[in-house]
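The values are calculated or read from the model by the stated rules, or taken from the named source; none is laboratory data. No experiment lies behind these values; they were computed from the predicted model shown. Cβ: placed from backbone, ideal geometry, glycine included. Neighbour counts: every protein chain shown. The accessibility values were calculated without ligands, DNA or RNA, using every heavy atom of the protein model including side chains. Shrake-Rupley method; radii C 1.70, N 1.55, O 1.52, S 1.80 Å.
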Amino acid sequence: MINKIFIGLFLAALVISCKNEKTKESSDLSTVIVDTPTIVTHKLNLKWETDTTFKVPESVIFDAKNQVLYVANIDGKEPWGADGKGSIGKLGLDGKIIQVEWVKGLNAPKGMALLQDKLYVADLTEIAVIDIASGKIDRKIKVPGAKGLNDVSIDGAGIIYVTDSQGKRLYRVENNSASILLDTLAGPNGVLLHGSDLYLMNAGGFYKVTKKNTLSMLADGMEGGTDGVEHVQGEDFIASCWAGAIWYLNGDGRKELLYDGKAVGKNTADIGFNPATKTVYVPTFWKNSVMAFEVASN
């Protein structure tokens, strides 16, 4: 009788052990499945790259009306230097440089926005407004308290949104008066107003700014200084990281690494985008060139 009880207990323990082992194997398998790489459904096809005569190009913007590109030249060895060396260049859609220094008299120009034949440029502590027809600086909008303005976006009513990467803030400028929209950010850079929605690149993440002026994360894990962002189609966006990366951000939350310039020491700063031709324009910063890629599907 005792032997039968002992054998029964032994068999029960063996069954439990086997179940636990199967559970462990199943758990390990699910972990492997979760860690599988994201399927890449988009790619970049190089169309052209300019020569290296730009002067530390930080940003590119596409002007649909005039069918031209504007390039922000920081110039100098100090990206945040108030040295008066900065300028805006003009570039053809075929990659041919029209003018390296079309507009001079800036310090360290970075992000740009367009509205009603005016080009708005983030330049350290102020926003320079350039008249496109004359190629001259029309006026400068001071942003009190700003330490290092970086990217700018503007709506149809002329309300400007500008990031302060050095001061860790996002400003809203209306009628030449600036107010703080978001404070104590980790690393704000690219800002984009698409429709009625405002988006922000901040310390490796891509966010939507809510109506309550809080951040709702859409994607993260983009190392190397999240920089520019542009809308592609639907709820899809394309973004850059300064250290050398171009990401495709799908509306379903997936992100795809389409270009890695770190291996060749090529930065990818604040990008521009032509939605008609699905072309992304990439300034290479220290390499002094601009690259153009077609965004295509695999």
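If you filter region 79-89 down to residues that are under 23 Å from the mean Cα position of the chain (by Cα) and of a type in the set (A, V, I, L, M, F, W, C), you find that the one that is surrounded by the fewest Cβ atoms within 10 Å (Cβ to Cβ) is Trp80. Among residues of region 204-225 that are farther than 18 Å from Asn250 by Cα, those with a beta-carbon under 6 Å from a residue that is not in a strand (DSSP E or B) at least six positions away or on a different chain give the pairs Gly224/Ala243; Gly225/Trp242; Gly225/Ala243.
Test Gly76 against the stated conditions and say whether it is surrounded by 15 or more Cβ atoms within 10 Å (Cβ to Cβ), modelled with pLDDT of 95 or more and in contact with an Asp or Glu (Cβ under 8 Å, 6 or more places away or on another chain). Judged against the criteria, Gly76 is not a match.
Those residues that are assigned to a loop (DSSP other than H, G, I, E, B) and within 22 Å of the chain's Cα centre (by Cα), I need them from region 122-155; list them, please.
Once the filter is applied, which keeps residues that are assigned to a loop (DSSP other than H, G, I, E, B) and within 22 Å of the chain's Cα centre (by Cα), region 122-155 yields Thr125, Ala146, Lys147, Gly148, Asp155.
Whether a residue is touching a Ser or Thr at 6+ places or on another chain (Cβ under 6 Å) and either open to solvent by 30 Å² or more (accessible area, probe 1.4 Å) or under 26 Å from Val100 (Cα atoms) (or both) was assessed, and Thr268 passes this test. Of the residues making up region 181-208, just one is in contact with a Lys or Arg (Cβ under 8 Å, 6 or more places away or on another chain), open to solvent by 40 Å² or more (accessible area, probe 1.4 Å), of a type outside the set (D, E, K, R) and at pLDDT 95 or above, namely Ala186. Within region 167-175, is there a residue that is part of a loop (DSSP other than H, G, I, E, B), open to solvent by less than 60 Å² (accessible area, probe 1.4 Å), farther than 23 Å from Glu235 by Cβ and β-branched (Val, Ile, Thr)? Checked region 167-175: no residue is part of a loop (DSSP other than H, G, I, E, B), open to solvent by less than 60 Å² (accessible area, probe 1.4 Å), farther than 23 Å from Glu235 by Cβ and β-branched (Val, Ile, Thr).
Number of residues in region 216-226 that are among the polar types (S, T, N, Q) and either open to solvent by 40 Å² or more (accessible area, probe 1.4 Å) or under 18 Å from Ile180 (Cα atoms) (or both) equals 1. Within region 118-165, the set of residues being surrounded by fewer than 16 Cβ atoms within 10 Å (Cβ to Cβ) and within 19 Å of Val60 (Cβ to Cβ) comprises Gly135 only. Please enumerate the residues belonging to region 90-117 that are crowded, with 24+ Cβ neighbours inside 10 Å and farther than 23 Å from Pro188 by Cβ. Those that are crowded, with 24+ Cβ neighbours inside 10 Å and farther than 23 Å from Pro188 by Cβ: Leu91, Val103. Within the bounds of region 234-244, is there any residue that is crowded, with 17+ Cβ neighbours inside 10 Å, over 12 Å from the mean Cα position of the chain (by Cα) and not in a helix (DSSP H, G or I)? No, that holds for no residue. Restricting attention to region 82-102, the residues that are part of a strand (DSSP E or B) and in contact (Cβ under 8 Å) with a residue 40 or more places away in the chain add up to 5.
When the test is whether a residue is open to solvent by less than 40 Å² (accessible area, probe 1.4 Å), farther than 18 Å from Gly111 by Cβ and not hydroxyl-bearing (Ser, Thr, Tyr), Asn213 does not pass it. Close contacts from region 253-271, counting a first residue that is on the phi > 0 side of the Ramachandran plot and a second that is of a type outside the set (A, V, I, L, M) and open to solvent by 70 Å² or more (accessible area, probe 1.4 Å), with Cβ to Cβ under 8 Å and a gap of 6+ residues or different chains, come to Gly265/Lys287.
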